[in-house]
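Note sheet for the following structure.
Read-outs throughout are calculated quantities, based only on the coordinates presented, and are distinct from any laboratory measurement. Please read all numbers here as calculations on a predicted model, not as lab measurements. We place every Cβ from the backbone using ideal geometry, glycine too, and count neighbours over all the protein chains shown.
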Amino acid sequence: MKVIRATQDRNLNTLTERVYKQLRTAIITGNIEGGSRLVESALAEELKVSRTPVREALHRLAVEGFFYSIPMSGYIFNEMSDYDIVDLFTTRLAIEKLAAGLAMDRITPVELEQMELNLKVTEEKIKQGHTEDLTELDIEFHGIIYKASRSKSLFQICQSLSDHSLKYRIALIHIPEFAEKTRKGHHEIFKAFIEKDKQKMERALHRHLELAKEDILKMLEQTRHEIFFSKTLGT
């Protein structure tokens with residue numbers, strides 16, 4: 001019986017992880033819109049699973065700050081306010097400075113080559129107008145730094161903070177001006193790593209994240225204006 005129970009537990013954990021990843025991807029890519037209400041039974045039917053893995057996945061996402069629970073009603077996707085965006089990037093900057101500082105001491109030649117290759121591919125994609133590929137390259141670039149810190153805790157925290165802003169970056173990355181800002185920011189960070197200059201790295205990281213924050217806030221403000229005028233004009 002214990003063997004059967006252990007197998008059942010592993011199967012449930014695997015299923016919960018799959019549901020969690022599906023929902024998390026839908027959130028950070030913008031497929032789940034702000035204010036959406038998610039109900040366990042409806043999600044279970046859509047994903048063709050029982051309610052238990054859905055319940056556990058939603059609870060996990062709520063702990064991570066993506067949803068908040070409404071008793072007897074389900075979960076509401078928590079759209080970020082301007083204050084949330086500022087708070088997120090303030091926290092992200094502090095944590096990423098710490099991670100990047102450790103990474104500068106521990107990064108390998110192979111990882112530096114990976115960063116350089118990432119920059120070259122990014123530049124080519126921008127020249128070719130293939131901005132749809134830039135999100136993955138952005139994630140990869142920062143991921144190399146997170147990994148190079150050799151800290152599992154920092155790696156997980158950095159990834160989580162990055163994912164909270166990802167859907168906004170996806171919405172912006174196709175804009176040539178934003179794509180070029182991202183490329184330049186990554187290039188300055190890479191130069192600091194090559195020179196092993198922590199102060200230069202911190203300044204470059206600060207500029208990079210500050211520009212991303214400002215662009216996201218501008219995009220949100222523009223979106224609110226468009227929604228307001230659309231409703232006012234009845235279109």
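Details
- Compared with the dominant Cα axis of the chain, that is its longest principal axis, helix 198-233 is turned about 50°.
- Principal semi-axes in Å for the stretch 82-230 [√(5λ), Cα gyration tensor, largest first]: 26, 18, 12
- Helix 2-28 and the long axis of the chain differ in direction by around 60°, with both axes built from C-alpha atoms.
- Helix 176-195 axis, angle to the chain major axis (alpha carbon atoms, nearest 10°): 60 degrees
- Taking a Cβ cut-off of under 11 Å around A44, the surrounding Lys, Arg, Asp and Glu residues balance to a net charge of 0, with basic ones at +1 and acidic ones at -1.
- Net charge of Cβ neighbours under 14 Å - reference A204; Lys, Arg +1; Asp, Glu -1: +4
- Where only DSSP H runs of four or more residues are counted, the chain gives -27500 deg cm²/dmol as its mean residue ellipticity at 222 nm, each run worth -39500 (n - 2.57).
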